[in-house]
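Have a look at the structure below before the remarks.
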Amino acid sequence: MRFTQEERTRRVGQMGYSLSFKSYRLPMRQPLRTAQGWWSEREGVIVRLEDKDGQMGWGEIAPISGWGGGDLSEAKAVLERLGASPTGAELSEIAAPGGCLGFALGAALGQLGGRLPSVHDYLPVAGLLPAGRDVLRAVEQKLEVGFRTFKWKVGVGDPRDEQVLLDDLLGNLPDGARVRLDANGGWDRRVAERWLEVCAERPMIEFVEQPTDPANKDLLLGLAGDFPTTLALDEAVIGKEDFEQWMELGWPGVFVLKPALWGDPGELVAAVNGSTADVVISSSLETGIGARQVLEIAFGLPKLDRALGTGVWPLFSNTELNGPSAVPFVRSTDIERLNPIVVWEAL
Ligand code: MG
């Protein structure tokens, strides 16, 4: 059973918790290349809450620098100030504004109040493909293990070279396969228009993610209206406020939501279930603790009908730290197998 913020505050407000946390800095198995450059290590904080009965709740603070949703050193300073035995009211107050700290504390408190209900037995996952020519080798491996939805990072090389590679990629795919292109906001209007002309003739493109600057709403809305390919917002929708603004603007495309940047998992589920939004739930490169929470959120959304954006693991060399690795489908039983204590002890 889930509680609203107010009910939960009343219920646990006076309750004392034992709070501990561990910082991590982990090299990635393979550096990730995006339109914003190379990314080779992940930093974050694991939060552990224990109640007086010895029950534990877990959270992960894993912001992405420059994305919004909060800053890691600020989040650590807040945890230091909270001390070793905060009350539920203190924790809820800090979680309320959302962002990465809201995600971690909201998740940990939420687990102590009961699991999010799961409404799916399994969900498909999009396989993440590397930028550039490596895409062709990577897609073969992913096809072999059963992936049928793929996400390819573009906006990294010359657009004409990438468009030639796109046709090589699409030529290698079986009927029914779908490809998401993610430009991470790296295209200007002219480049985006040329790409969307190319995509218009290629129905295997499921959507184009964050083609242009997330701050330029008019350009994104204009492109969405001028071209037939579905567009998705990612960097443009970090938290609830962004989500509500774009819903009000009548965004006709997809919302890629990263729960680890949004805030309280229960609020995300309520916001999406209470809307008509077409949503992809995405990892923001967490350890198994954040992964478990992100997947629980996805499994709590009955209308979710797009593959998960969680095909990022194995992200770390230590296998104990990863979410479900290289799987084209995640089952609800895979989520239960992610044991926070194993991650905590491996850090
Ligand atoms: Mg993206």
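Assorted remarks:
- Dipole orientation for the stretch 5-112: of the candidates Ser18, Trp67, Gly102, Trp67 has the Cα lying most toward the positive pole (charges on Cβ; Lys, Arg +1; Asp, Glu -1).
- Protection proxy ranking of 234-244, 169-179 - average other beta-carbon atoms within 10 Å, highest first: 234-244, 169-179
- Distance from the stretch 222-280 to the stretch 103-178 (C-alpha centre basis), Å: 18
- Shape of the stretch 5-112, Cα gyration tensor, a/c cut at 1.5: prolate
- Projecting the Cα atoms of Ala177, Leu321, Trp39 onto the charge dipole of the chain, computed from C-beta unit charges around the Cα centre, puts Leu321 farthest toward the positive end.
- Taking a ≥ b ≥ c as the square roots of the eigenvalues of the Cα gyration tensor, the stretch 53-136 is classed as oblate, since a/c reaches at least 1.5 and a/b does not exceed b/c.
- Lys, Arg +1 and Asp, Glu -1 on Cβ, resulting dipole of the stretch 183-303 about Cα centre, debye, nearest 20: 220
- Taking the C-alpha atoms only, the angle from helix 159-171 to the longest principal axis of the chain is near 90 degrees.
- For the chain, the extents of the C-alpha atoms along the principal axes are 60, 42, 36 Å, listed from largest to smallest.
- Rolling a 1.4 angstrom probe over the chain with all protein chains present gives an accessible area of which 47% lies on carbon and sulfur atoms.
- With contacts taken as Cα pairs under 8 Å and at least 6 residues apart, the stretch 109-257 reaches a relative contact order of 17 percent.
- Once the Cβ-Cβ distance of Lys217 and Asp167 is raised to the sixth power relative to R0 = 22 Å, the FRET efficiency obtained is 0.10.
- Straightening the chain between Asp158 and Asp305 buys 49.6 nm, computed as 0.36 nm per residue apart minus the Cα-Cα spacing.
- Averaged over residues, the count of other Cβ atoms within 10 Å places the peptides 72-84, 188-200, 280-292 in the sequence 280-292, 188-200, 72-84, highest first.
- Computed from Cα atoms, the angle from the helix 288-299 axis to the main principal axis of the chain rounds to 70 degrees.
- Among the lysines of the chain, pairs at least eight places apart or on separate chains and with Cα atoms under 18 Å apart come to 8.
- In the chain, the longest principal axis of the Cα atoms and the axis of helix 189-200 are about 80 degrees apart.
- Global form of the stretch 99-195, assessed from the alpha-carbon gyration tensor, a/c cut-off 1.5: oblate
The values are calculated or read from the model by the stated rules, or taken from the named source; none is laboratory data. A quick note: this is a predicted structure, and the numbers were derived from the prediction, not measured. Note that each Cβ is placed from the backbone with ideal geometry, even for glycine, and that neighbours are counted across all protein chains shown. Ligands, DNA and RNA are excluded from the accessible area calculation, which covers all protein heavy atoms including side chains. Shrake-Rupley method; radii C 1.70, N 1.55, O 1.52, S 1.80 Å.
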